[in-house]
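Reviewing the structure listed below.
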Amino acid sequence: MRLSSARLSTFGTAAALVAVAGACTSHSDSRINGNATAGESIPDPDVVLSADQTHARWSSAIPPVVTVESGAIVEVRTMEASDGQFELGSTASDVETLSFDPIHPLTGPVAVEGALPGDVLAVTLLDIEVDEWGWAAIVPGFGFLADRFTEPVYMGFEIDPGATHIAFNDRISVPLAPFPGVMGVAPATDSMLATIPPRSNGGNMDNRHMVEGTTVYFPVFVEGANFSIGDTHAAQGDGEVSGTAIEAGMTIRYRIEIVEGARPIEEPQYETDEYYGVTAFATTLDEAAVKATSYMIDYLTAEHGLTPEEAYILCSVAGDLKISEVVDVPHMLVSMHMPKEVLGID
């Protein structure tokens, strides 16, 4: 089957049963990409997780806080990246005392019954609600230009969740475009890995295009998959060059399910109504760009019947390489988009 057609043909409508609660809910939303439009309703959650149900490392040794059946709707509260070390009125002196130990608080893990290593897990972001404040900072020693910007800086932002922009100052505003900076499954190690760099399990991808309505696909490395989410961003540019976005807490509702019969993937991939995307991490942008291009070629040959040569040329004439992040040392992340219009996908 095609990952790109998985929304309906593979899954159809789902009855999601939360294993620990024993509650069953039937969902009539016919699209895995559940970005609600006029006339559509967002499915009620089968389970709700609080911002207290978090962890700040990646490891197969971290037990799930809940187990659900494939197709369940999960609602989570996320903390902003500092895990409460900052508030709206914080100052540069608070940046000086920032501890990286609790970064990033990730809500989960959520295990999926039947998920096994080698499977593909699909997570669709159905609804994202932003808190009423956020922050950005320059943290000495962190960021793409850390040698140039050596002093701590803090900026707090009031956020109107119903607005389209966030006031940067009296005359500059930035679009409000919330998304989770960190999403991932448990890695195949019981070591406690820091959440700063992205890896093959996902993690700190900081991909600003993974907004409400996006379906993200993850390779599964452990039984149950053990998915977690956090580091939510109200606004961010490609690259996240200073090291932070506008960091803000959020409430997110997502659908989580196993993609039956999916082709294996090495790193997360994703799709919206407009394009299919792949991600690739590496220690250099060059290497990450090579991997992302190769992943897109693999997708085009496997799912759209192109020869490798045709796929390579299509990547050159229609693909869109994007620098997702350059600051999450030691790894950088590059993504590539292929418009669905080019592929003849409605």
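The values are calculated or read from the model by the stated rules, or taken from the named source; none is laboratory data. If you're wondering where the values come from, they're calculated on a predicted model, not measured in any experiment. Every residue, glycine among them, receives a Cβ derived from its backbone with ideal geometry; neighbour counts consider all protein chains shown.
Select from the range 34-88 the residues that are among the small types (Gly, Ala, Ser), modelled with pLDDT of 95 or more and either within 18 Å of Tyr254 (Cα to Cα) or part of a strand (DSSP E or B) (or both) and list them in ascending order.
Answer for the range 34-88, where residues must be among the small types (Gly, Ala, Ser), modelled with pLDDT of 95 or more and either within 18 Å of Tyr254 (Cα to Cα) or part of a strand (DSSP E or B) (or both): Ser50, Ala51, Ser70, Gly71, Ala72.
Kindly list, by first and then second residue, each pair from a residue in the range 281-296 that is under 19 Å from Gly184 (Cα atoms) to a residue that is of a type in the set (Lys, Arg) and not in a helix (DSSP H, G or I), limited to pairs with Cβ atoms under 9 Å and residues at least 6 apart or on different chains.
Phe281/Arg199; Ala292/Lys322
Got a sec? Which of Gly156, Gly162, Gly118, Gly143 is modelled with pLDDT under 95 and out of contact with any His (no Cβ under 8 Å at 6 or more places or on another chain)?
One residue alone meets the criteria, Gly162.
Residues in the range 176-186: is at least one more than 24 Å from Val66 (Cβ to Cβ), in contact (Cβ under 8 Å) with a residue 40 or more places away in the chain and not polar (S, T, N, Q)?
yes
Looking at the range 94-111, is at least one residue in a loop (DSSP other than H, G, I, E, B), in contact with a Phe, Trp or Tyr (Cβ under 7 Å, 6 or more places away or on another chain) and either touching a residue at least 60 places away in the same chain (Cβ under 8 Å) or not β-branched (Val, Ile, Thr) (or both)?
No, the range 94-111 contains no residue that is in a loop (DSSP other than H, G, I, E, B), in contact with a Phe, Trp or Tyr (Cβ under 7 Å, 6 or more places away or on another chain) and either touching a residue at least 60 places away in the same chain (Cβ under 8 Å) or not β-branched (Val, Ile, Thr) (or both).
Residue-by-condition table, conditions (1) of a type in the set (S, T, N, Q); (2) buried (at least 24 other Cβ atoms within 10 Å of the Cβ); (3) farther than 28 Å from Ala167 by Cα:
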residue	(1), (2), (3)
His55	no, no, yes
Glu69	no, no, yes
Thr78	yes, yes, no
Ile103	no, no, no
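Any residue that is more than 19 Å from the chain's Cα centre (by Cα) and closer than 30 Å to Val68 by Cβ - is there at least one of those in the range 134-143?
No: zero hits.
Within the range 316-341, which residues are touching a strand residue (DSSP E or B) at 6+ places or on another chain (Cβ under 7 Å), buried (at least 17 other Cβ atoms within 10 Å of the Cβ) and among the hydrophobic types (A, V, I, L, M, F, W, C)?
Answer for the range 316-341, where residues must be touching a strand residue (DSSP E or B) at 6+ places or on another chain (Cβ under 7 Å), buried (at least 17 other Cβ atoms within 10 Å of the Cβ) and among the hydrophobic types (A, V, I, L, M, F, W, C): Ile323, Val326, Met332, Leu333, Val334, Met336, Met338.
Just checking, which of Pro178, Pro152 is under 23 Å from the mean Cα position of the chain (by Cα) and surrounded by 15 or more Cβ atoms within 10 Å (Cβ to Cβ)?
The match here is Pro178.
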